[in-house]
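S.K.: I have a structure I would like to understand better, so I am pasting it below and will then ask my questions one at a time.
Readers should treat all values here as calculations from the given coordinates under stated rules, not as data from a laboratory. The shown structure was predicted, so the numbers you read here are calculated from the model rather than taken from an experiment. Here the Cβ is made from the backbone with ideal geometry for all residues, glycine too, and neighbour counts use every protein chain on show.
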Amino acid sequence: MKTLTERQFEILSFLINKEKPVSAKNLAKKFGVSTRTVRYDLDDIEYFLKGSTVKLQKRNKVGIWIDSPKEAKKMFLLEAPREEKTLWKVVSKEDRKKGIIETLLKCEGYTTISELSNILEVSYSTVRKDLNEADKWFEQREIKIIRKKKHGICISGNESNVRKAISEVLEYRNLEDAEFKIFDEWLFSDVSINVLYNYINKVSKELKVIYSDEFSTKLLIHIGICIKRLRQGKKINVKKEDIDVLKDTKEFIAVKKYIPDIEMYLGFRVPIGEIWYITTHVICTKIIETYRDKNNASLYTKEELEITQRYISKISDALSLNLRKDNILIKNLLMHIKPTLNRLKYKMPIENPILEEIKRCYPKIFGLVKKISNEISEEKGIIINDDEIGFIVMHICASVERVQKNMNKKKFRILVVCGGSIGTSKLLSSRLNSEFEELEISYEIPVSQISSYINGSIDFLISTVPIDEVLIKPVITVSPLLPEEDIARIKSLMKVLRGEKIKTENQTVDEIMFIINQFCNVENTHELKNALEKSFDEKSNYYKNIEEQKLLTEMIDLKRIEVKVKCSDKYEAIRKVGSMLLKEGYIEEPYIDAMIKLCEELNSYIVIAPKVAMPHAKPESGAKKTGFSIITLKEPIVFGHKKNDPVSLVIGFSAINNTGHIKAMRELLSMLCEKETIEKVINSTSKEELYKNIQQFEKVYLQ
């Protein structure tokens, strides 16, 4: 809880003990400060009282009073914390300077040194000296402190510069500081943050982008500043030719389209210059995700693509490391370059907080990127500064690490499943970590929690107990002590998942016999070899079967595909995919009821990806053959998943065991990670087109 200054506590005590409302003017007179200072103190008191039963009430032409039962008031005074420190926690010259800067930025007109002295609770002469430091800060931002006799002091400058100064103070404040929260409340006192967040979400959806949390907050601040300054009668003056440059861009159109949402809330029209102002910040906002429209139109300009490609190609050549096929780098660097060029164009620099560390840790890559950036700067007539170069270096270094790691063995993400004993799971995890560098244990969970944790990023499960469920991921049951035979089975599965060939049992046995004969005298070689072959036979066949399994397209038939099916609810959709499997002899009638029952019990397990559900049941419920049926829905249906609803694609699944579908399922899960492919499948207008879309993905998948 924030503590109050001594004066603020005295004001609160006075109001609590007062039965009638008091005016701000009378409070100022009683406590020997200005009405402006009283208003600041009341803001702090109001913030301090948040969440308590004691409420500060303010009403024009009535006054200020405390609304709460008498007993609650008394208890509150006894328990309320207070401190001798001021609102600004003034302990240094720097703190006082910040206090002056923020007060002047908040002030709608003139203030006085006396008022600043009261707010900061320091002497008049101290404030005068500190004003010189604040003056330097404002001068660096092309803003002046105006001193006028009989009026006081205020700031004056280009509206754009003033707004940048306000955003700078807000963006670099520690969000946990009480000072920030109070300044933040001042900014958003005229508009609901939820209204602005909804507006930003609508604009981002219209533009088919997702903003990073950090930059989404910055955008929120800039729009909040826009509204605050408009209410104060301060608006941006923009030349018509500058507006003309942006007015036909998709960003300007999206910003303007949803401005009525804000206007309706505010009760006044937003000028065209402010729409331009918001647009410039939208196009400079960092994107973390993009997706294409139905026509696959590129979201990037030719210039953005060319610059991105130049960085990647030149760095690849300089490092003798091929980064050109790193799709993550291409995507992320494009998303970074797009707003970077706009930030440079509109002179909205950002600070890289770890720039010096980047230079120290990656001097070679920083030097290479700087050289390329200088070439681009000269050609394009822009200046790519070190802060922006540092961000580009971060993307390049991440790619270098990925590519080098991929040159080595693939890492697998796994779930460790136990019967309930924490000690057992810890023992198994310890053994796995000591035996396998390529395994990354995502979670240690009991069997009952599998449905909550299994997802597309998990490669397989290692369990100390048998799992009866038909899972969409491979499962290996092992002893917690992880003996050699279990280690061998895990290694074999990893080879299969990497696409490597598995040795036959004869090859493995012959290798073991060769090693044994080097160190031992074997009395009965024939019997030993037979015993080894028998031991390896079952395990080897298990993994050979995976290699020989069918692909996804081989487990789907046009007879088991329908598009744009009209279903009233999830149960009808499940019965539809189930009836297709039933008709083709893949399941028996009870299997459909079992699918519905499992859906009711484990909704989150059935909806396996955004827009995609895969109802299924246990083999013993009536599965006769392993295969899939697919329908797309005419209208999306809610299945009951918190994140992945509504569902537009339903995949019926039947399996006669836990292993016969691993290859096809692995392919399906890879496809579910490709948003563009899933959208194509969902939007298919015929079953032939749907099947062809899966075939096209499979062709790329097998390369």
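S.K.: Please identify every one of the trypsin sites (Lys or Arg not before Pro) in segment 616-703 that sits in a loop by DSSP and has no more than 10 other beta carbons within 10 Å of its own beta carbon.
M.R.: LYS642, LYS643
S.K.: Using θ = phi - 60° and the Karplus relation 6.51 cos²θ - 1.76 cosθ + 1.60, list the HN-Hα couplings for segment 561-571 in order, rounded to whole Hz, with x at every Gly or Pro.
M.R.: 10, 9, 10, 6, 7, 8, 10, 7, 7, 5, 5
S.K.: A further question on this structure: I'd like the antiparallel share, as a percent to the nearest 5, of DSSP beta bridges with both residues in segment 548-698.
M.R.: In segment 548-698, DSSP labels about 65 percent of beta bridges as antiparallel.
S.K.: Taking the highest mean first, how do the peptides 309-317, 262-270 order by number of other beta carbon atoms within 10 angstrom per residue?
M.R.: Sorting 309-317, 262-270 by mean packing, highest first, produces 309-317, 262-270.
S.K.: Taking 25 Å as R0, compute the FRET efficiency from the Cβ-Cβ separation of ARG39 and ASP95 and round it to 0.05.
M.R.: 0.70
S.K.: Between LYS129 and VAL638, with labels modelled 7 Å along Cα→Cβ, what's the label distance in nm to one decimal, could you check?
M.R.: Between LYS129 and VAL638, the simple spin-label model gives 6.5 nm.
S.K.: Something else about it: Normalised by the number of residues in segment 188-290, what is the relative contact order in percent for Cα pairs under 8 Å and 6+ residues apart?
M.R.: About 44 percent, as a whole number.
S.K.: Segment 199-272 to segment 335-404: how many Å between their Cα centroids?
M.R.: Taking the Cα centre of segment 335-404 as reference, the centre of segment 199-272 is 28 Å away.
S.K.: Can you give me the distance in nm between label points at GLU357 and ALA398, each placed 7 Å from the Cα along the Cα-to-Cβ direction?
M.R.: Modelled inter-label distance: 1.5 nm.
S.K.: Distance between Cα centroids, segment 26-42 to segment 107-121: provide it in whole Å.
M.R.: 12 Å
S.K.: Given Cβ point charges of +1 (Lys, Arg) and -1 (Asp, Glu) and nothing else, what value in debye, to the nearest 20, does the dipole of segment 556-621 about its Cα centre take? Display every interim value, and only then the final one.
M.R.: Working: 11 positive and 11 negative charges, 74 e Å.
In debye, rounded to 20, segment 556-621 gives about 360.
S.K.: Please work out how much length the chain gains when fully extended from ASN201 to GLU437, using 0.36 nm per residue of separation minus the C-alpha to C-alpha distance, in nm with one decimal.
M.R.: Value of the extension gain: 80.8 nm.
S.K.: Quick check: residue separation of LYS583 and CYS154 times 0.36 nm, minus the Cα distance between them. What number comes out in nm?
M.R.: The LYS583-CYS154 span can extend by a further 146.3 nm.
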